[in-house]
1. Please state which of the following conditions Ser164 fails to meet, knowing it meets all the rest: (1) in contact with a Pro (Cβ under 9 Å, 6 or more places away or on another chain); (2) more than 20 Å from Ala221 (Cα to Cα); (3) in contact (Cβ under 8 Å) with a residue 40 or more places away in the chain; (4) buried (at least 16 other Cβ atoms within 10 Å of the Cβ).
2. Would it be correct to say that Asn122 is polar (S, T, N, Q), buried (at least 18 other Cβ atoms within 10 Å of the Cβ), modelled with pLDDT of 95 or more and more than 18 Å from the chain's Cα centre (by Cα)?
3. Being in a loop (DSSP other than H, G, I, E, B), of a type outside the set (A, V, I, L, M) and out of contact with any helix residue (DSSP H, G or I) (no Cβ under 8 Å at 6 or more places or on another chain) is the filter here, so list the residues in the range 139-168 that pass it.
4. Could you identify the single residue in Ala106, Ala127 that is within 24 Å of Ile230 (Cβ to Cβ) and either touching a Lys or Arg at 6+ places or on another chain (Cβ under 8 Å) or at pLDDT 95 or above (or both)?
5. Ser173 - would you say it is touching a residue at least 40 places away in the same chain (Cβ under 8 Å) and under 24 Å from Leu211 (Cβ atoms)?
6. Only one residue in Val111, Val66, Val74, Val134 is of a type outside the set (Phe, Trp, Tyr), surrounded by fewer than 24 Cβ atoms within 10 Å (Cβ to Cβ) and in contact with a helix residue (DSSP H, G or I) (Cβ under 6 Å, 6 or more places away or on another chain). Which one?
Amino acid sequence: MESEAQKVARKSGAGKVSSTPRRPSPNQSSVPPGRLLPREFYQTRPEWVAPRLLGKILVHRTQQQVISGRIVEVEAYLGPHNDPPDPAAHAHRGPTPRNLVLFGLAGHAYVYSIYGRYFCLNVSCEAEGLAGCVLLRALEPLSALDTMAANRRLPPGLPRNETSFRQLTSGPSRLCQALGVARLSHNGLDVTHPESPLQIRDDGVAVQKALATPRIGISEAVDWPLRFAIPGNPCVSGPRGLNGKLISVP
């Protein structure tokens with residue numbers, strides 16, 4: 001029997017999800033060291049995936065270079081099957097042409113726009129049809145800082161310090177702008193595919209503790225502790241001193 005997500009895809013002709021990503025150019029830059037996270041990593045609940053993404057490396061390969069940063073802040077958004085449902089999640093009312101990626105295979109990029117000009121990058125989680133995701137909120141820049149600065153319309157040659165890093169990739173929209181991530185180009189990409197221009201990789205850096213706090217910038221389920229950050233990292237976005245607790249990262 002056809003699922004609700006399949007019905008939406010068929011009727012809209014949009015947002016179709018495939019396990020095969022759009023192919024990068026053969027001249028695409030090589031990826032940095034580290035293990036590409038497999039699909040199995042994402043095929044579970046987002047509140048479990050989210051803290052385990054801390055310390056991993058988000059990579060955007062372009063034809064010219066590799067742009068990358070270490071993930072230091074994330075938020076989990078639960079699927080409509082959750083009890084109770086997550087009213088702050090885009091998927092909580094079921095599949096639509098906009099959110100259809102979330103109802104497909106785990107490990108796909110879900111990119112949406114805000115204010116008509118900025119973007120936010122999520123990775124889909126859960127079994128197919130359950131529609132959880134993790135929002136990537138902040139990175140610690142690792143490579144191609146001048147490209148990040150140019151994308152953010154900042155001067156080149158920024159010093160490698162706390163202030164510069166926060167200007168580049170602290171906050172979900174800054175993150176996307178710095179890495180050159182946009183909905184039209186990257187929504188629906190399979191981040192587990194070795195040829196995908198968007199990947200998340202594990203270089204062995206272990207994050208043992210995370211700060212769990214309520215999510216930022218939402219108006220519902222405001223007290224759910226589903227935001228996770230590396231304690232003390234200067235690139236973490238949002239107001240300082242948010243109430244939270246330290247948790248062990250599984």
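1. Just one mismatch for Ser164, condition (3).
2. Against the criterion (polar (S, T, N, Q), buried (at least 18 other Cβ atoms within 10 Å of the Cβ), modelled with pLDDT of 95 or more and more than 18 Å from the chain's Cα centre (by Cα)), Asn122 does not qualify.
3. Across the range 139-168, the qualifying residues are Arg153, Pro159, Asn161.
4. Among Ala106, Ala127, only Ala106 is within 24 Å of Ile230 (Cβ to Cβ) and either touching a Lys or Arg at 6+ places or on another chain (Cβ under 8 Å) or at pLDDT 95 or above (or both).
5. yes
6. Exactly one of Val111, Val66, Val74, Val134 is of a type outside the set (Phe, Trp, Tyr), surrounded by fewer than 24 Cβ atoms within 10 Å (Cβ to Cβ) and in contact with a helix residue (DSSP H, G or I) (Cβ under 6 Å, 6 or more places away or on another chain), namely Val111.
The values are calculated or read from the model by the stated rules, or taken from the named source; none is laboratory data. It should be emphasised that the depicted structure is a prediction, and the values quoted were computed from it without experimental measurement. Methodologically, a virtual Cβ is constructed for each residue, glycine included, from the backbone with ideal geometry; neighbour enumeration extends over all protein chains shown.
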